[in-house]
Amino acid sequence: MAQNNNFPETRYELINPDPLKTDEYILNMGPQHPSTHGVLRVLLKTDGEIVEAATPYIGYLHRTFEKHAERMTWPQIVPYVDRMDYLASMNNDLGYALAVEKLAGIEVNERASYLRVIVAELNRIASHLVFLGTYGLDIGAFTPFLYAFRERERIIDLFEEISGSRLLYNYIWIGGVAWDAPEGWLQKVADFCDYFEPKIKEYNDLLSFNKIFIDRTANVGVIPADLAINYGLSGPSLRGSGVKFDLRKNDPYCIYDRFDFDVIVGEGAKGTVGDSWDRYFVRVQEMRESVKIVRQALKDIPDGDPKEKVPRNVRVPAGEIYFRSETPRGELGYYIVSNGGKNPVRVKVRAPAFSNLSILPAIAPGLMVADLVAALGSLDIVLGEIDR
Amino acid sequence: MEAKDIYQKLKDRFQDAILELNDEVLQPYIKVTADQVDEIAEMLRDDDAFQFDYLMSLSGLDLGENLGVVYHLYSMKLNHKIVLKTEVPKEKPDVKTVCHIWRTADWHEREAYDLLGINFLNHPDLRRILLPEDWEGHPLRKDYQPPKSWHGIPVTLEKEEDEDGAK
Amino acid sequence: MREYFKNIYEAVATILVGMWVTLRHLFVPAVTVQYPHEREELPPRSRMQLYVNIDDCIGCRQCERACPVDCIEIDLIKAGKDEDLGLTSNGKKKPFHVIRFDIDMAKCCFCNLCTFPCPTECIYMTPNFEYATEDRTNLNYHFANYTPEQIEELVKREEERKAALAKAKEAKKPDQNA
Amino acid sequence: MEPLLKFALDLIPGLSQLPHWLFVTLVALVAAAVLFGFASVFSLFAIWLERKVSAHMQDRLGPMEIGGWHGWAQTIADALKLLMKEDIIPKEADRPLFKMAPAIVFAAALASFAVIPWSRSFIPSDMNVGLLYILSVSSLGVIAILMGGWASNNKWSLYGAMRSVSQIISYEIPISLSLITVVLISGTLSMQGIVHGQEGNLLSWNIFRYFPFMFVAFVIYFIASLAEVNRTPFDLPEAESELVAGFHTEYSGMRFAFFFLAEYTNMFIVSAISTVAFLGGWLPPFEFLSFIPGPFWLFGKALFLVFVQMWLRWTLPRLRVDQLMYTSWKVLTPFSFALILIVSFWRVLTL
């Protein structure tokens, strides 16, 4: 097979002085490939089935969000923020809205805060369900995917009812939310929680504790805790490595300090701490915690008009802020610089999946091609967010 | 640890490299010179009093005359934060890399290089990351002019240009 | 050796558990909605297509300004002094001829930001989502209800008015100098 | 050929008027056409069934539109679509090999039909080494897969082909070993002979003899046959999430359809073989049911096994290459050796 001479030399290359070594095989995984979760290209250098080096190439979904943001007014940015991590739009909106509110000193109505938490946690469940399903697909099990989407569909129906949209909600606004919950909506959320919780057992029976699945994911793509922190991993990918760190607990924002829930960490139950199975199972258990939060929020939600404090014209004084919040993928940070004008000077997004993906070259050497798919899937990347 | 103490401790060691402390603002920051960023970063990570093991974000900024790099640091163990800032002139935007201290800085620095043209010295693999390898210019600079076309693909639509002109 | 047999036992047992789950689902009614035959009613807030009730439009251009993707284009001509364009349904006076109100649904990002600032609530999202066409120019909806002749006349009148205004200004200028 | 010729004469006695060579050729051609027709129709049906089974296991409905009742004509429509599609051959492909591969895959699948007994009298060819013939023919397909994968000049295809070769060669061994236990019991390699050896009621089927050892042999054969036909959890050669589509990545249109047809024909073949070897072939489970003709029983039992294959596919994830090898060499092969030992001892002791 002809060798591609344009292969860029990177420092990730493993130098193997084995004299009996055969030629390595250069493989382009992506940008069109079923398990790169979008348009990611990973250049693989393989020795048979074994990966020697993997170099991710990103940017195929770059939509110049940061440049756009410089020309948009503050509320106009929200629909763009929606489109970054399209699987967790609510969480993205929440982070942005909170950042601007903190910078501009805008108060938020109690009821609006509760509604925000409810939709954000529901969106977390929806996002984890997509992860669960697609991870099953990566490993070769098709059925969990449809079970997961069956439940996600219900969440999306709920979102459609409250925000009018199924994927890109533009629901959480600066200063509040776009609409109050329609009549009976909160009851429907409670019904969903009751319906959803037993389903987690079904996923576990079908996928999590399946021996083949465990064999495929346990001890694969192990990320030790110190490496994870050094690479800036966050969210379930970091917690999978056994680091008990959740922004909702460690750096509480919105009203998360009022809720009682556990931070799930990987325990290496089926292999080593920090392997793909741990990262997977952290997410499965997190869904249960999210249900817990939603239930508490439903119990405590006060009456009121969540729109009362939404300003007609958002005025942001000069200043800057770095605000981080926990999305399903990890720490979503907004670095916003304002000069007091109607547009921001700079909106830099610290996307969690961006940092999470950057660890791939470090864990890939020595894995098999099939393992690489498992390890990549367990990082739960969304290319919309990485490329922005 | 408060920003003031961090500033004092850094000042004791690096003296002139530490320019100023601003703790009037929402999130206090320390301004440092660009040529010693890596040493300062190393101390921030390794000193027992600091232990900033987590680089939350590394952002490039266009400040008009200068280009800025902002580091947002966090310590998982001690649960404190600090913002580090540095500025370099646009003609010679050289900043020392911190990617051997926090590996996550690798991609963030590549992004800052890609979009703002900040040159990180000693970075092992400073290539464009989001834009195509043969793209010209650094789009997040305020004076950036997009090209008319790229490999025969029109980049700026003429209609939009007219409108911009009218505005 | 024990590990070996334990592995085999686990594999068989968990596979059987999984097979039991899928077998049970074989007899669970499907959740599919057979779309063109069955239709679920969409919630009233659904954002599927923009609609403008042009009779109520006062030409304030708030929606055009709110749009993040510039998909709304409005051209206005001021009503004449003694011209009465009538009132909107909530009793506002209409000061402009809205000679053009185009919404390009191909550009629209369905964010709903345009509907909130509208003082007369004449622009809103409807739950109709079946408007796919074969040509994307068909997605550019024209809501203004002026005929080309009327527009021509209005434009001419406007030009005349402007010319008159300019003349008046010119005539005023030396006056001021003096 | 003999039983088939006799079967033909019984059916249409007038055929004996023809010259012998013409008669033989005619019968052979008709039989081939019938089997080809059966294989194609069965594949179309099995594909539809797979879609339906998978859909209902996943709380969906599957195809519902074409043909009216539960979309029964969906696969026919798909086949027509594939027939009419442009036949794309990559520029850098090895054209002759590329074109040959699907034909050989399908031919290999079809060839196994020659020794499958459908009833007491209907078997295309009751050769006395039937089982050996099956084993050799069924591994012929791997050559075609390798051909296709290599000729595509695509890295993913080559991966798929290499995986397929290593997989099928490894799994030949447990397959043969587990079938040897059957041979030990029946004392013959002839397929018809194996069926005749199981006459009686349900309990005289091979699977229930020497309980539970023959049952384990059946399970081993079934698992290994999954690997033989590249079904989940052993579908590594076409592992979608890793290798795009494995060895048939570059195939489209009718050539792709041939791979597809061959897969489903193979599914039937391995099920039919396990039916013959373990489940009494065309024999009814109870004596009083023998008024129902043999082909019904063979087809019914085989179809049930095909259903189980589908069921497994929609339940399980996929193994990794090394785990695949582990399963074959460290689990299935030692177990089948042990079974051979036990069964032969038992046989000797009870002689």
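The values are calculated or read from the model by the stated rules, or taken from the named source; none is laboratory data. Keep in mind it's a predicted model, so treat the numbers as computed, not measured. Reconstructed Cβ throughout: ideal geometry from the backbone, glycine too, with neighbour counts over all protein chains shown.
Residues in segment C:42-71 that are more than 10 Å from chain A (Cβ to nearest Cβ), free of Cβ contacts under 8 Å to residues at least 60 places away in the same chain and at negative phi were compared, and the one that is surrounded by the fewest Cβ atoms within 10 Å (Cβ to Cβ) is C:Gln62. Only one of the numbered conditions (1) away from chain B (no Cβ under 14 Å); (2) at pLDDT 85 or above; (3) at negative phi is not met by A:Tyr253, and that is (1). Of all residues in segment D:87-100, those that are closer than 14 Å to D:Phe256 by Cβ have Cβ atoms under 8 Å from Cβ atoms of residues that are β-branched (Val, Ile, Thr), 6 or more apart or on another chain, in D:Phe98/D:Ile89; D:Lys99/D:Ile89. In the condition set (1) touching a residue at least 40 places away in the same chain (Cβ under 8 Å); (2) surrounded by fewer than 23 Cβ atoms within 10 Å (Cβ to Cβ); (3) part of a helix (DSSP H, G or I), D:Arg231 is compliant with all but (3). Those residues that are in a strand (DSSP E or B) and β-branched (Val, Ile, Thr), I need them from segment A:162-204; list them, please. Of everything in segment A:162-204, those that are in a strand (DSSP E or B) and β-branched (Val, Ile, Thr) turn out to be A:Ile172, A:Val177. Sub-7 Å Cβ pairs linking a first residue in segment D:311-333 that is more than 7 Å from chain A (Cβ to nearest Cβ) and closer than 20 Å to A:Phe209 by Cα to a second residue that is surrounded by 24 or more Cβ atoms within 10 Å (Cβ to Cβ) and aliphatic (A, V, I, L, M), at least 6 apart or interchain, are D:Leu324/D:Leu236; D:Thr327/D:Leu319, ordered by first then second residue. Cβ-Cβ contacts under 6 Å between residues 6 or more apart (or on different chains), taken from a first residue in segment A:28-45 that is farther than 14 Å from D:Lys155 by Cα to a second residue that is in a strand (DSSP E or B), are listed as A:Pro31/A:Arg41; A:Arg41/A:Tyr57; A:Val42/A:Met29; A:Val42/A:Ala54; A:Val42/A:Pro56.
Of all the numbered requirements in (1) in contact (Cβ under 8 Å) with a residue 12 or more places away in the chain; (2) over 25 Å from A:Asp215 (Cβ atoms); (3) out of contact with any strand residue (DSSP E or B) (no Cβ under 6 Å at 6 or more places or on another chain), A:Tyr253 misses one, and that requirement is (3). For segment A:124-155, the candidate set comprises residues that are under 22 Å from A:Cys254 (Cβ atoms) and touching a Leu at 6+ places or on another chain (Cβ under 8 Å); within that set, the residue that is nearest to the other protein chains (Cβ to nearest Cβ) is A:Ile155.
Note on segment D:282-295: among residues that are free of Cβ contacts under 8 Å to residues at least 12 places away in the same chain and assigned to a helix (DSSP H, G or I), the one that is farthest from the chain's Cα centre (by Cα) is D:Phe288. Listed by position, the strands (runs of 3 or more DSSP E) contained in segment C:61-164 that have at least 1 residues being among the β-branched types (Val, Ile, Thr) are C:72-78, C:96-104, C:123-126.
Of the residues making up segment D:121-133, those that are modelled with pLDDT under 85 and either within 16 Å of the chain's Cα centre (by Cα) or crowded, with 17+ Cβ neighbours inside 10 Å (or both) are D:Phe122, D:Ile123, D:Pro124, D:Ser125, D:Asp126, D:Met127, D:Gly130. Restricting segment A:70-111 to residues that are within 10 Å of chain C (Cβ to nearest Cβ) and more than 21 Å from the chain's Cα centre (by Cα), the residue that is surrounded by the fewest Cβ atoms within 10 Å (Cβ to Cβ) is A:Arg71. Residues in segment D:237-281 that are out of contact with any Ser or Thr (no Cβ under 8 Å at 6 or more places or on another chain), assigned to a loop (DSSP other than H, G, I, E, B) and polar (S, T, N, Q): D:Ser252 only. Exactly one residue out of A:Leu132, A:Leu158 is touching a residue at least 60 places away in the same chain (Cβ under 8 Å), closer than 23 Å to C:Ala30 by Cα and among the hydrophobic types (A, V, I, L, M, F, W, C), and it is A:Leu132. Entry remark, segment D:11-51: residues being away from chain A (no Cβ under 14 Å) and under 29 Å from D:Leu80 (Cβ atoms) number 21 in total.
Could you say whether any residue in segment D:42-50 is hydroxyl-bearing (Ser, Thr, Tyr), in contact (Cβ under 8 Å) with a residue 12 or more places away in the chain and part of a helix (DSSP H, G or I)? Looking for residues that are hydroxyl-bearing (Ser, Thr, Tyr), in contact (Cβ under 8 Å) with a residue 12 or more places away in the chain and part of a helix (DSSP H, G or I), one finds at least one in segment D:42-50, hence yes. When A:Thr36, A:Thr55, A:Thr46 are checked against the criterion of being at the interface with another protein chain (Cβ under 10 Å from one of its Cβ atoms) and in a loop (DSSP other than H, G, I, E, B), A:Thr36 stands alone in meeting it.
If you go through segment A:299-337 and pick out every residue that is of a type in the set (Gly, Ala, Ser), out of contact with any Gly (no Cβ under 6 Å at 6 or more places or on another chain) and within 14 Å of chain B (Cβ to nearest Cβ), you end up with 2. Residues in segment A:209-242 that are surrounded by 23 or more Cβ atoms within 10 Å (Cβ to Cβ) and not in a helix (DSSP H, G or I): A:Asn210, A:Val220, A:Gly221, A:Ile223, A:Tyr231, A:Gly232, A:Leu233, A:Ser234, A:Gly235, A:Gly240, A:Ser241. Of all positions in segment D:69-85, at least one carries a residue that is at positive phi, in a helix (DSSP H, G or I) and crowded, with 18+ Cβ neighbours inside 10 Å. For segment C:1-41, the candidate set comprises residues that are aromatic (Phe, Trp, Tyr) and in a loop (DSSP other than H, G, I, E, B); within that set, the residue that is farthest from the other protein chains (Cβ to nearest Cβ) is C:Tyr35.
So that you can scan it fast, the table gives a plain yes or no per residue for (1) modelled with pLDDT of 90 or more; (2) surrounded by 23 or more Cβ atoms within 10 Å (Cβ to Cβ); (3) small (Gly, Ala, Ser):
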site: A:Pro306; (1), (2), (3): no, yes, no
site: A:Val310; (1), (2), (3): no, no, no
site: A:Ala318; (1), (2), (3): no, no, yes
site: A:Tyr334; (1), (2), (3): yes, yes, no
site: A:Asn339; (1), (2), (3): no, no, no
site: A:Lys342; (1), (2), (3): no, no, no
site: A:Val345; (1), (2), (3): no, no, no
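Across segment B:61-91, the number of residues qualifying as more than 8 Å from every other protein chain (Cβ to nearest Cβ), in contact (Cβ under 8 Å) with a residue 12 or more places away in the chain and within 26 Å of A:Asn339 (Cα to Cα) comes to 19. Condition first: charged (D, E, K, R), touching a Ser or Thr at 6+ places or on another chain (Cβ under 6 Å) and under 30 Å from A:His68 (Cα atoms). Now tell me which residues in segment C:25-81 satisfy that. Across segment C:25-81, the qualifying residue is only C:Arg47.
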